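Encoded as structure tokens, the structure appears first; notes follow it.
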Amino acid sequence: MLKLYTFNISHFSEKARWALDYEGITYDEQVLLPGPHQWVTRRRAKHSHVPLLEHDGHIVQGSSAILDYIADSLGGPKLTPSDPAERREVQILESKLDHVFGRGVQQVFYSVLLKDRRAVTDMWTFGGPFWGRGFYALAYPAIASVVSRMYRTGDLDAVAKAKQAFITAFDDLDAVLAKQPYLGGEASSRLDITLAAELAPLCRVPEHRMTWPPIPAELRDLEASLTGRPTWKHVLRMYREHRAPANT
């Protein structure tokens, strides 16, 4: 049996969840809380981050590694190209998406949201263990400080560059989507799932399990510059047409 360790808020966790659901693979999910999650992940893996997949004594950590494992060890044929050269091309672009949107969403949003203790606590505890709010009532300042350092939220130049990278990436992806229905061509692939999962907090897709807060005032100009563009519409379409409910 497969067990997937996640955060509900994590777009990387959503990427792994979505891939398993898309391939029709049954799994159990354990939702963890940022901070105390290390009590679980550190006992199983070298690093502390989620998602983490446990299967028959094998530990796979990281969303892209999990998607590779789905293709190579779980018989998931739909999302990953079988041709080695095509697969490598997909993995290179996926890595870029993970950097620009995966890491970028974390840096940009936390640069603003960490100041709103209530909103962040709501998101971190959403659908999680019952004791979460009590934990963050005491530990939020310490956990928020770690998150701020991790994503360099106080580095204004880095945050500005991350925002500009969003716009540049949208330009490139819009051009691709003007020529074909999906990033990989005529059918959805791991690239499309990666893009949609990682932009879900910005696009606030209604099909997501999270209830996203309104975009903070400081990020509304960024939102306005991206809303309605082909890449934005593609994210919404991916959730609308390809995000079946989780099997857990």
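The values are calculated or read from the model by the stated rules, or taken from the named source; none is laboratory data. Note that this is a predicted model, so its numbers are computed, not measured. Note: ideal-geometry Cβ built from the backbone for every residue, glycine included; neighbour counts use all protein chains shown. What goes into the accessible areas is simple: the full protein's heavy atoms, side chains included, and nothing from ligands, DNA or RNA. Shrake-Rupley method; radii C 1.70, N 1.55, O 1.52, S 1.80 Å.
Rank-order 224-234, 2-12, 24-34 by packing density, defined as the average count of other C-beta atoms within 10 Å over each peptide's residues, highest first. Numbers along the way, then the final one.
Values: 224-234: 15.6, 2-12: 21.6, 24-34: 17.5.
Output ranking for 224-234, 2-12, 24-34: 2-12, 24-34, 224-234.
Bin by bin, in steps of 5 Å, what percent of the Cα pairs in the stretch 1-43 do you find, going until the bin that has the longest distance?
6, 22, 30, 24, 12, 6, 0
Please list, short to long, the whole-number percent of alpha-carbon pairs of the stretch 125-199 in consecutive 10 angstrom bins beginning at zero.
Here the calculated profile for the stretch 125-199 is 15, 27, 26, 24, 9, 0.
Aspartates and glutamates within cross-link reach of Lys115: Cα-Cα under 14 Å, excluding same-chain residues under 8 positions apart?
Partners within reach: Glu218.
Can you work out the FRET efficiency for the pair Ser95 and Lys233, with r the C-beta to C-beta distance and R0 = 22 Å, to the nearest 0.05? Mind showing how you got there, number by number?
On the way: r = 24 Å, r/R0 = 1.09.
The computed FRET efficiency comes out at 0.35.
Please report the antiparallel percentage of the DSSP beta bridges confined to the chain, to the nearest 5. Could you put the intermediate results ahead of the total?
On the way: 9 of 13 bridges.
Taking every DSSP beta bridge with both residues in the chain, the antiparallel ones total about 70 percent.
Leaving out ligands and nucleic acids, and using a 1.4 Å probe, what accessible area per residue does the stretch 58-164 come to in Å²?
Ligands and nucleic acids excluded, the figure is 54 Å² per residue.
In nm, to one decimal, how far is the Lys179 label point from the Arg88 one, both placed 7 Å along Cα→Cβ?
It works out to 2.1 nm between the two label points.
Please work out, to two decimal places, the log10 of the ratio I(q)/I(0) at q = 0.08, 0.15, 0.16 Å⁻¹ from a Debye calculation in which every Cα of the stretch 103-248 carries one identical scatterer.
For the stretch 103-248, the Cα-only Debye profile gives -0.26, -0.86, -0.96.
Quick check on the stretch 181-248: take the gyration tensor over C-alpha atoms, sort the square-rooted eigenvalues as a ≥ b ≥ c, and tell me if it's rounded (a/c under 1.5), prolate or oblate. Intermediate values should be presented prior to the final figure.
Numbers: a/c = 2.66, a/b = 1.33, b/c = 2.00.
Oblate, because a/c is 1.5 or more while a/b does not exceed b/c.
Counting only the backbone N, which residues of the stretch 94-120 are under 15 Å from the spot 7 Å out from the Cα of Ala160 toward its beta-carbon?
none
R0 = 22 Å: FRET efficiency of Met1 with Ala187, Cβ-based, nearest 0.05?
Numbers: r = 29 Å, r/R0 = 1.33.
In this case the efficiency is close to 0.15.
Given 5 Å bins starting at zero, what is the percent of C-alpha pairs of the stretch 56-148 in each, up to the one with the largest pair distance?
2, 11, 15, 14, 13, 14, 12, 10, 5, 2, 0
Per Stokes-Einstein, at 25 °C and 0.890 mPa s, what whole-number D in µm² s⁻¹ belongs to the stretch 16-67, with the Kirkwood radius over Cα pairs as the hydrodynamic radius? All intermediate terms of the calculation are to be shown ahead of the outcome.
Values: Rh = 11.6 Å.
Roughly 211 µm²/s, to the nearest whole number.
What helices does the chain hold that run 18 Å or longer along their axis, going by alpha-carbon atoms, with a Kyte-Doolittle average of 0.0 or more, using DSSP H for the helix calls?
Details: long enough: 84-97 (20 Å, -0.80); 132-151 (25 Å, 0.58); 156-177 (31 Å, 0.67); 190-203 (19 Å, 0.99).
Span-like helices, by this rule, are 132-151, 156-177, 190-203.
Take the alpha-carbon centre of the stretch 59-92, take the same for the stretch 19-36, and report the distance between them in whole Å.
17
For an R0 of 25 angstrom, estimate the FRET efficiency from the Cβ-Cβ distance between Arg149 and Ala119 and round to the nearest 0.05. Intermediate results must be reported in sequence, preceding the final value.
Details: r = 20 Å, r/R0 = 0.80.
After rounding, the FRET efficiency stands at 0.80.
So what is Rg over Rh here for the stretch 10-98, counting just Cα atoms and using Kirkwood for Rh?
Details: Rg = 13.4 Å, Rh = 13.8 Å.
Value, to two decimals: 0.97.
Could you rank the peptides 189-195, 213-219 by their average count of other C-beta atoms within 10 Å per residue, with the highest value first? Display every interim value, and only then the final one.
Values: 189-195: 25.3, 213-219: 13.9.
Ranking, from highest mean packing down: 189-195, 213-219.
By per-residue mean of other Cβ atoms within 10 Å, what is the highest-first order of 197-208, 71-82? Each step should come with its number before you reach the end.
Numbers: 197-208: 21.2, 71-82: 15.2.
Result, highest mean Cβ count within 10 Å first: 197-208, 71-82.
What's the extension gain from Arg240 to Ala142 if we count 0.36 nm per residue and subtract their Cα-Cα distance? Could you put the intermediate results ahead of the total?
Values: separation 98, 0.36 × 98 = 35.28 nm, distance 3.77 nm.
That works out to 31.5 nm of additional length.
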